[in-house]
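All remarks here apply to the structure that follows.
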Amino acid sequence: MDPRQRPPLRRRLGVLRVMAWSLVALLVLVYAWLQLVRHGEFKQLAMQQAVKMRPIAAPRGLVLDRNGHRLVDNRRALHLVIQREDLPTKPEVVVSLAEALTLDPAVLARKIQIYRLAGKGRPLVLKENLDEAGIAIAERVRARFSFLSVEVAPRRVYLGDELAGHVLGYVGEVDEELMKAKPSLFHLGETIGKEGFEASGNDKLKGVDGQKRILVDQLGTEVANFGQVDAVAGRSLFLTLDAGLQKVAQDAFGQEAGAVVVLDLRDGGVLALYSSPSYDPNLFLNRLSQDMVDRYLANNVTRPMVNRATQGIYAPGSTFKLLVALAALEKGIATAQTVVYCAGKKNFYGRDFRCDKPTGHGNLSMVQAIAQSCDVYFYELASRMDVDDIYATAEKYGLTERTGIDLPQEKRTRIPSRAWKRKAAPRDPKWYAGETISVGIGQGAVGVTPIGLARFYALLATKGKLLTPHLFYGFRGDQSNELEPAPVSPPKETALDPRNWAVLDEGLYEVVKSGTATASALKEITMVGKTGTAQVATFVDKSHYARQAKHLKDHALFAGYAPREHPQIAFVVVVENAGFGASSAAPIAKKLVQYWFLDRPRNPLPPPRGKMVDPFAPQQPEVPE
């Protein structure tokens, strides 16, 4: 090498060494900065990729009847889900997943978008309550889509099938609208009550979700558990319902439509509330097929999803005569001794109004008119009053308002007045005197719910106490499993004159003793009540009525209480399109009273909010004296 080239070469090599050492120093500094300064940040990011937070669904509380018989339970179920952090983003992946699971791609894409935008919530459930075949399909699909997982979750089970469908209701997932309306209360994927007591008692039944921290590998498979906060189950609770009495009502109705309400007169507890036809809440835990939608929601003229006990509006027929009689007594228009002659019909305002007995009842006092259900007598009382007088009496005794029962969507009874007609019929707002005549026998514009009518008869039974019907009895103790009673709304005392009450009570007694319901009398228990037959369609005479189609037949009603001496229960039975109340509704009431007082094996009604007695427990044979 030329000596003259050595100095420049040394300089170049020196520069390269300096650059190399500078690069090494820079790498050391960067590595030190990453390891020392940003160590915590990168560790957190790495843990976020490997450690996942998974919600643990809280079981809802159980539901039991007043005697401790389970009506609603929980079972372990397996669901195919996508965790929220694993939701796919590519449209082609969503379409392929939908096809693999036979789902609608557009619906699935919409759900994924909603869950992605939600701040928090449970995983997206694709297939629920997997059976063996479903698990096999899920595992096959998971081989293609690694972000899927199978999760264990509690699932509701309704043990009575159709026994108390309208009372219990059913549960379902929170929808987008509800979550937007109440984001602080509900989260996507959460299970809440949709109908019945599941809905109205949702806050009592729902638990608190837990959470677990898990370590996952690159495929998303759980490899370790880093600890968890356990879910807190919802509190189990008792209803005032008696499963045995409910079963009697169900069996008594058979294929007929209608409703039954039985109230505990001590506190307003609902002992039975049955709407026929009923439905099985278990059917609504899965996504409904089109056949199920048609059967229950769309094309079923019997409307099985309507709770007829709280949402059905019926003309009360002659059961309303007790209110008309009470209005006449309080207004001084009539007394117990007021006698009206019935010739089978009477003309008012140029029109003949017929009595159910064409040959007439002859001279009747008020008690006799109630017992024989004479229409002419109550036409006459109504003609002496203004419709607003009847409305004022109904308002005074709670018949114009909702009862306040702890079930959703209760309808209000319809008691007409002049103000009501101005709103209901603005094209013809005038109230005509002839309309009051029809109101006098519970027809025309009058419409009541069975629960509202039952509350009125409970008021008569208690001599003026306006009770609040309720289903919630109390919580089940976490340790004792016994009833922890809940407070009950005190009854409202009304100014029911004892002398007026005595007239009505005597009339109801004579209905069963010598009047229209003698065939339903019980020797051991003095049941009192009033039959009712509410006209659905007009007819010329009885032969014409006999030719009417089933859906045009009269509704049958019976309302009353028992026993007369010391009433414990009040009840209302409505049987749609079944004809006369005496022949269709009163026999069902007789079965209810028979069961409650005689067939339950010598066990008295358990005291309200006290220790429960099992009415189905085997009885010890009596020891002869």
Worksheet, complete the sentence: Here FRET efficiency (C-beta to C-beta, LEU598 to ARG422, R₀ 45 Å, nearest 0.05) is 0.35
Worksheet item: If packing is taken as the mean number of other Cβ atoms within 10 Å per residue, what is the order of 356-363, 200-207, highest first?
Response: 200-207, 356-363
Practice prompt. Would you mind checking which residues have amide H under 5 Å from ILE569's amide H? H placed 1.01 Å from N; only 5 or more apart, or other chain.
Written response: LEU265, ALA562
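Subtracting the Cα-Cα distance from 0.36 nm times the residue separation, let me have the gained length for GLU524 to LYS90 in nm, one decimal. Could the numbers behind the result be given before it?
On the way: separation 434, 0.36 × 434 = 156.24 nm, distance 7.50 nm.
Contour length minus the Cα-Cα distance gives 148.7 nm.
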Worksheet item: What lysines sit close enough to LYS492 to cross-link, taking a C-alpha to C-alpha distance under 16 Å and skipping anything fewer than 8 places away on the same chain?
Response: LYS396, LYS463, LYS465
Discussion item. Testing the spin-label approximation: label points 7 Å from Cα along Cα→Cβ at VAL301 and ALA433. State their distance in nm.
Written reply: 4.1
Worksheet item: Mean residue ellipticity at 222 nm from the helices of the chain, using -39,500 (n - 2.57) per DSSP H segment of n ≥ 4 over the full residue count, to the nearest 500 deg cm²/dmol?
Response: -9500 deg cm²/dmol
Fill in: Relative contact order (%) - criterion: Cα under 8 Å, at least six apart; region: the chain
13
Worksheet, complete the sentence: Phi angles of segment 262-278, converted by Karplus (6.51 cos²θ - 1.76 cosθ + 1.60, θ = phi - 60°) into ³J(HN,Hα) in whole Hz with x for Gly and Pro, give 10, 10, 7, 6, 7, 8, x, x, 7, 7, 8, 8, 10, 10, 10, x, 9
Practice prompt. Enumerate the aspartates and glutamates that LYS52 could reach by cross-link, defined here as Cα to Cα under 13 Å, with residues fewer than 8 away along the same chain left out.
Written response: GLU85, ASP86, ASP217, GLU222
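Can you divide the C-alpha Rg of the chain by 2.2 N^0.38 Å and report the result to two decimal places? Show your work: numbers first, answer last.
Numbers: Rg = 35.0 Å, N = 625, 2.2 N^0.38 = 25.4 Å.
Taking the Cα Rg and dividing by 2.2 N^0.38 Å, one obtains 1.38.
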Fill in: For segment 59-182, average projected area of the Cα convex hull in nm²
9.4
Fill in: Relative contact order (%) - criterion: Cα under 8 Å, at least six apart; region: segment 383-494
26
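Please go through the residue pairs LYS553/LYS590; LYS523/LYS553; LYS411/LYS530 and name each one whose alpha carbons sit more than 25 Å apart in this structure.
Beyond 25 Å: LYS523/LYS553.
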Fill in: Whole-Å distance, taken between Cα centres, linking segment 385-444 and segment 559-580
22
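Can you list the equivalent-ellipsoid semi-axes of segment 467-520, largest first and in whole Å, using the square root of 5 times each Cα gyration tensor eigenvalue?
Working: eigenvalues 296, 71, 10 Å².
Each semi-axis is the square root of five times an eigenvalue, giving 38, 19, 7 Å.
With a cut-off of at most 11 other beta carbons within 10 Å, and DSSP calling the residue loop, which GluC sites (Glu not before Pro) in segment 354-432 qualify? Please list them. Let's see the in-between values first.
Working: sites: GLU380, GLU395, GLU401, GLU410; in loops: GLU401, GLU410.
Counting only loop positions with at most 11 other Cβ atoms within 10 Å, none of the GluC sites (Glu not before Pro) in segment 354-432 qualifies.
Between ASP161 and LYS182, what's the calculated FRET efficiency when r is the beta-carbon distance and R0 is 51 Å? Round to 0.05. Please list the in-between numbers first.
On the way: r = 32 Å, r/R0 = 0.63.
With R0 = 51 Å, the Cβ-Cβ based efficiency is 0.95.
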Worksheet item: Roughly what % of Cα-Cα distances in segment 320-403 sit above 17 Å, to the whole percent?
Response: 47
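Could you order peptides 422-434, 81-93 by the average number of other Cβ atoms within 10 Å of their residues, highest first? All intermediate terms of the calculation are to be shown ahead of the outcome.
Numbers: 422-434: 11.3, 81-93: 15.3.
Most protected by this proxy first, the peptides run 81-93, 422-434.
Divide, for segment 556-600, the radius of gyration over alpha carbons by 2.2 N^0.38 Å, where N is the residue count. Please report the intermediate quantities before stating the final value.
Values: Rg = 10.9 Å, N = 45, 2.2 N^0.38 = 9.3 Å.
Normalised by 2.2 N^0.38 Å, the Cα Rg of segment 556-600 equals 1.17.
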Discussion item. What percentages make up the Cα-Cα pair-distance distribution of segment 269-420 when the bins are 10 Å wide from 0?
Written reply: 9, 28, 25, 20, 12, 5, 0
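What is the magnitude of the charge dipole of the chain about its Cα centre, with +1 placed on the Cβ of each Lys and Arg, -1 on the Cβ of each Asp and Glu, and no other charges, expressed in debye to the nearest 20?
On the way: 81 positive and 67 negative charges, 517 e Å.
It comes to approximately 2480 debye.
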Worksheet item: How much net charge surrounds VAL367 when only other residues with a Cβ under 15 Å from its Cβ are counted (Lys, Arg +1; Asp, Glu -1)?
Response: +2
Response to the item:
Expected unfolding gain across ILE333-VAL28 under the 0.36 nm per residue rule, minus the alpha-carbon gap, is 99.1 nm
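In nm, what is the difference between 0.36 nm times the number of residues separating ASN481 and VAL229 and their Cα-Cα distance? Let's see the in-between values first.
Values: separation 252, 0.36 × 252 = 90.72 nm, distance 2.48 nm.
My answer for the length gained is 88.2 nm.
Between LEU101 and GLN255, what FRET efficiency follows from the Cβ-Cβ distance if R0 is 30 Å, with the result rounded to 0.05?
On the way: r = 39 Å, r/R0 = 1.31.
Plugging the Cβ-Cβ distance into 1/(1 + (r/R0)^6) gives 0.15.
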Worksheet entry | Whichever aspartates and glutamates have a C-alpha closer than 13 Å to that of LYS357, once near sequence neighbours (fewer than 8 apart) are set aside | ASP375, ASP541
Practice prompt. Scan segment 121-190 for trypsin sites (Lys or Arg not before Pro) in coil per DSSP, keeping those whose Cβ has at most 11 other Cβ atoms within 10 Å, and list them by number.
Written response: ARG144
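Since every read-out is calculated from the coordinates, none of them should be taken as a lab result. The structure displayed is predicted, hence computed values, not measured ones. Quick reminder, even Gly has a Cβ in these numbers, built from the backbone with ideal geometry, and neighbours come from all protein chains shown.
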